[in-house]
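Scroll down for the structure; my scribbles are underneath it.
The values are calculated or read from the model by the stated rules, or taken from the named source; none is laboratory data. Predicted model only: the values in this text are computed from it and were never measured. Cβ atoms come from the backbone with ideal geometry, glycine included; neighbour counts cover every protein chain shown. Quick note on the areas: whole protein, heavy atoms, side chains included, nothing else; ligands and nucleic acids left out. Shrake-Rupley method; radii C 1.70, N 1.55, O 1.52, S 1.80 Å.
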Amino acid sequence: MKKILSLIIASSMLASMTAMTTAFADEARLTGDVTGDAKVSMEDVTETQKYVAKLVEFDDEQLKAADVDASGDVNMEDIVTVQRKIANLIDKFPADDVTDTETDVDSESDTDVTSDTDSASDTDETSDTDTTSEGDTSVVLNLKEAREKGEGVNLRLKGQVVYIYGNNTVILEDIIDDVVVCYQIYDGDGVSAGKYSMNAIVEVEGTTTSYNTALQIKNPTDVKTVSTDNAPIAPVEATVAQLSNRISTKVVIKNATLAIVDDQNMTITDATGSVNLFRPVALPDGYEAGMTVDVVCCPYMYNGAVQVRNMGSEDYILSTGSSDSSDSDSDSDGDTNTDTSSETDIRLDDAVATLYTYLKSIENYGDLSEDAANTYTSESYEPFIELVEKAEAIVNAYGEGYTADQVVDITNKLVEAWNNLEESAIGMLERMVGLIDSYGDNVNDNGFYTNDSFGAFMTIYNQAKAVLADPSSLSSEQIEELAEELYNFWVEGLELTSIGTIYTIVNEALYYYPDNNDGMFTNASYNAFAALVAQGQEYLEGKVTLTSSQVDNLADNLQYAYDNLEYSKDYLVEIVDYYIEAFASVYAEHKDDASNSDFYEWKFIYEELLDISDDASVYETAEIEQVINDFYEYSEVLGLLGGY
């Protein structure tokens with residue numbers, strides 16, 4: 001099979017490791033349960049992360065289970081929602097509400113507002129948090145009230161459009177009690193249809209959710225323009241260091257120096273630090289890198305770090321030399337000192353909630369169990385536990401005595417330490433035995449493996465079980481060697497029989513790329529393969545009877561068709577574009593780094609990905625595939641693939 005497909009299924013034996021009867025089960029899964037084990041856990045989070053990163057594919061049943069916010073798409077927002085559910089921060093998934101009832105809302109009769117509204121803050125007169133129940137869209141909430149409702153609530157809110165970026169994200173703001181309050185709307189269809197115009201006051205109805213700490217309504221069910229002739233809300237002045245407290249707020253960074261990295265990235269630097277401007281709008285005539293300017297932009301979180309987006313060339317303004325905003329008090333534009341505003345309280349609450357989510361995830365994943373200290377090396381586990389204890393103290397104090405920035409910093413350090421936990425030798429062996437047990441490969445009742453290879457495998461497996469019962473019987477080096485031997489034999493040493501080959505390929509096809517996965521392969525190669533998969537499925541389900549030689553022949557033909565699946569150029573270009581975006585910040589950081597030979601080669605391969613994205617027509621499909629494989633290999637060597 002081709003290299004890219006081997007990347008999709010790396011480190012697992014896929015469907016061939018489960019009992020035959022489970023492959024064709026049709027029982028409905030719990031929302032969030034993509035693994036099919038009748039529970040929602042961090043294993044489901046991990047699998048969904050792999051799907052979003054295009055390392056695995058989901059079948060229709062898994063896609064339905066993974067789409068926990070009922071948006072019609074599986075993405076990082078679903079992952080965050082599952083984590084919040086595991087951490088008991090929400091009672092149920094938004095998708096569970098959708099399946100219960102559908103609420104009909106007459107947007108004309110249920111909203112009574114005046115079209116001459118001068119400011120979005122006038123919504124104070126139309127809403128009442130004391131009497132409005134969750135899910136009631138007959139009352140229009142202002143943005144502060146909407147934020148107080150949290151996630152998983154169907155509501156109708158009102159605010160003024162202050163920013164539109166990325167062709168799908170709209171920022172609404174309001175000035176309430178002299179504080180700028182924001183809310184994010186994710187609505188690609190609405191943006192493309194022109195439902196939002198700058199400075200318009202709109203009402204938006206939908207179910208609330210969150211994305212990387214930002215409260216939002218995704219794919220709203222109704223958008224209504226109330227008025228269009230409104231004075232703009234001035235951007236809030238903020239330093240780079242303050243951006244994490246201003247997520248989804250229209251801000252202006254004063255006295256910033258611009259450094260163009262590439263077409264995808266620009267670095268903004270002020271006296272407090274630097275931030276990446278992703279997919280920057282081109283500089284206007286007369287402007288160039290190195291100039292000191294004021295930059296209007298909107299900050300957001302991506303992979304735990306703050307980035308910003310901008311909207312138009314007017315967002316670059318020659319600096320007026322205004323003073324640093326870090327100590328500014330409230331002014332006529334609605335800007336407030338971030339250490340004293342009620343909006344900061346909201347940011348601190350969000351930061352503490354995120355930290356709590358990670359703590360619960362760590363606990364649910366078992367990394368705080370009594371055995372965990374032996375599972376990981378002391379060098380990696382001890383500093384991790386110190387951060388856990390500090391994080392627990394912050395959560396227990398509800399963040400008192402800390403700023404939102406400090407909580408975010410602790411969260412980032414905790415996540416980094418968690419990701420960098422190193423398995424001890426006994427931990428590695430224990431994990432391998434656990435994987436083999438969970439996949440059912442400690443038995444061969446179905447005759448999937450040849451007797452000789454399975455017997456040799458079980459000798460190593462039984463030795464591993466004996467060592468787990470008495471770890472002192474071997475040194476750490478010997479235990480590590482045994483774990484590697486067990487893994488290598490499991491992945492490469494077990495030889496499939498003909499029925500094992502049929503079962504493995506058929507289930508992999510059904511699991512990872514039914515119906516050609518929207519054009520993953522060329523039609524000719526996939527159709528030939530699919531016809532043989534259908535024959536194999538009929539045989540496994542007992543619908544046809546085959547002789548021994550016919551089974552061998554079917555297995556050989558399936559293997560040949562599987563090995564000769566050809567990826568379509570469009571699919572490969574999608575992978576190219578994904579890697580370009582996912583590794584843009586890494587490229588920006590190491591573009592000029594000549595000290596590391598591996599990075600030196602990696603950046604040239606990344607630039608070839610950029611060339612392919614610009615014009616794939618000059619590349620053969622096989623050439624694109626080779627570049628992708630090379631990029632993956634170098635990324636793996638450099639340890640860049642965590643989370644991708």
_When the convex hull of its Cα atoms is projected in every direction, mean area for segment 184-323 (nm²)_ = 9.3
*Calculate the tail of P(r) for segment 251-293: the fraction of all Cα-Cα distances greater than 16 Å, expressed in %.*
30
*asked:* In whole Å, what are the extents of segment 497-572 along the principal axes defined by its C-alpha atoms, from largest to smallest?
replied: 40, 19, 17
*In whole percent, how big is the carbon plus sulfur part of the accessible area of segment 554-619, probe 1.4 Å, protein atoms only?*
41
*Can you pull the accessible area of Asp349 for me, 1.4 Å probe, Å² to the nearest 10?*
90
*Past 26 Å, Cα to Cα, is the threshold; run Lys64/Lys218; Lys149/Lys254; Lys149/Lys360; Lys390/Lys603 against it and keep the listed order.*
Lys149/Lys254; Lys390/Lys603
*Taking only protein heavy atoms and a 1.4 Å probe, what accessible area per residue, in Å², does segment 239-293 have with all protein chains in place?*
38
*Which cross-chain or sequence-distant (5 or more) residues have an amide H under 5 Å from the amide H of Tyr163, H modelled 1.01 Å from N in plane?*
Ile171
_Just want to confirm a number: the relative contact order over segment 256-321, from Cα pairs under 8 angstrom separated by 6+ residues, in percent._
32
*Does segment 151-211 come out rounded, prolate or oblate, given a ≥ b ≥ c as the square roots of the eigenvalues of its C-alpha gyration tensor, rounded meaning a/c under 1.5 and, failing that, prolate meaning a/b above b/c?*
oblate
_Using only the heavy atoms of the protein chains and a 1.4 Å probe, how would Ile268, Ile175 rank by accessible area, largest first?_
Ile175, Ile268
_Give the residue list of GluC sites (Glu not before Pro) in segment 173-252 that are DSSP loop and have at most 16 other beta-carbon atoms within 10 angstrom._
none
_Could you tell me the relative contact order of segment 177-282? Use alpha-carbon pairs under 8 Å, at least six residues apart, and round to a whole percent._
20
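When only Cα pairs under 8 Å and 6 or more residues apart are kept, what is the percent relative contact order across segment 422-489?
53
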*asked:* At 1.4 Å probe size, put Glu508, Glu541 in order of accessible surface, largest to smallest.
replied: Glu541, Glu508
*Debye-sum result for segment 380-450 in log10 I(q)/I(0), which assumes one identical scatterer on each alpha carbon, at q = 0.18, 0.19, 0.24 Å⁻¹*: -0.77, -0.81, -1.01
*asked:* If Rh is defined by the Kirkwood formula over all Cα pairs and Rg also comes from Cα, what ratio Rg/Rh do you get for segment 572-615?
replied: 0.99
*Average the reciprocal distances over every distinct pair of alpha-carbons in segment 434-526, invert the result, and give the Kirkwood radius in Å.*
15.5
*Spherically averaged projected area of segment 156-258 from its Cα convex hull (nm²)*: 7.2
*Using per-residue counts of other Cβ atoms within 10 Å, averaged over each peptide, order 149-158, 221-230 from highest down.*
149-158, 221-230
*Can you give the Rg and Dmax of segment 532-644 based on its C-alpha atoms, in angstrom?*
20.4, 63
